[in-house]
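Below: one structure, written as structure tokens.
The values are calculated or read from the model by the stated rules, or taken from the named source; none is laboratory data. Just so it is clear, the structure is predicted and the values come from calculations on it, not from any experiment. Don't worry about glycine lacking a Cβ; one is built from the backbone with ideal geometry, like all the others, and counts go over all protein chains shown.
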Amino acid sequence: MTDPRALLERERPAEILAGFLASASIFMSLIGLAYRPLRVIPLALVLAFLAAAMASGRSMRLAAAAAGLGALCFAVGMAIAVLTENPLF
């Protein structure tokens, strides 16, 4: 027989999807540092904001971290691209 408390702690499908979106956003933000930041990082920020809208509970911290890291990677990626005279998009 299953424990009733285990059923209450189970995550909703939207929370699981929010976690996947946030982790994909973090990955894309870090890729945007090495590749064209103006092309990749805005999409990563959209994924992070979508994850933040869907998240609740444990996924909320991951979505907030993804949005903060995306903003930081955007600023650093743009600075790196300008300083090294690489194309922005």
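A count restricted to region 30-85 and to residues that are polar (S, T, N, Q) and in contact (Cβ under 8 Å) with a residue 24 or more places away in the chain stands at 2.
Going through region 32-73 one residue at a time, which ones are modelled with pLDDT under 90, part of a helix (DSSP H, G or I) and surrounded by fewer than 21 Cβ atoms within 10 Å (Cβ to Cβ)? Selection gives A34, R58. Test G19 against the stated conditions and say whether it is over 20 Å from F89 (Cβ atoms) and free of Cβ contacts under 8 Å to residues at least 12 places away in the same chain. Answer is no for this residue.
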